[in-house]
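Encoded as structure tokens, the structure appears first; notes follow it.
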Amino acid sequence: MLVLIYVLVVGWFQSFSTPLVIMAAIPFSLVGVLPAHGMLHAFFTATTMIGFIAGAGIVVRNSIILIDFIELRLKEGMPLDEAVIDAGAVRFRPMALTAAAVVVGSSVILFDPIFQGLAIALMAGEIASLLLSRVTVPVVYFLVNKRRT
């Protein structure tokens, strides 16, 4: 699955390094999922893995939108450092709203014994990845592309 995502993003951005920057945000979901399961004394189940995979898709989409916005600003002639800052500022609200929608939507199944792992994975994964990857992805993109200029 990760290879397919990589190939699709390589085709879109015409770069081999940009998909790695985008996919670097996927592990940040685990930073939220594992401690949340521990704090809530919930089992790590198959539905947890489904939630992690679904959350990874949302995280990748958010990273693609962020990097696409950076590259749009670069094509308009904006310097790399300003484009990264501008993209982070402009795209943060839609990403925060997406995470909030996931958290609110998942809260409905939080107390269901079968789908609790799914809800915890989606909620905690989105919160952690929002906080961590929204800083990390633009910084890593800046560092990778700073060498090219």
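The values are calculated or read from the model by the stated rules, or taken from the named source; none is laboratory data. This one's a predicted model, so the numbers in the text were calculated from it and none came from an experiment. Each accessible area value is taken on the protein alone, full model and side chains, heavy atoms only, with ligands, DNA and RNA left out. Shrake-Rupley method; radii C 1.70, N 1.55, O 1.52, S 1.80 Å.
Computed from backbone phi with θ = phi - 60° and the Karplus coefficients 6.51, -1.76 and 1.60, the 3J(HN,Hα) list for the stretch 33-40 is 5, 5, x, 5, 5, x, 5, 8 Hz; x is used for glycine and proline. In plain terms, the chain from A46 to F16 could stretch by 7.6 nm, reckoned as 0.36 nm per residue minus the Cα-Cα distance.
Relative contact order of the chain, taken over Cα pairs closer than 8 Å and 6 or more residues apart, is 37 percent. A value for log10 I(q)/I(0) by the Debye sum over Cα atoms at q = 0.14 Å⁻¹ was derived from the coordinates, and within the list (i) -0.86; (ii) -0.78; (iii) -0.67 it appears as (iii).
What accessible area per residue comes out for the stretch 7-149, rounded to a whole number of Å², with a 1.4 Å probe? Provide the component values of the computation, followed by the final result.
On the way: 7690 Å² over 143 residues.
Averaged over the residues of the stretch 7-149, the accessible area is 54 Å².
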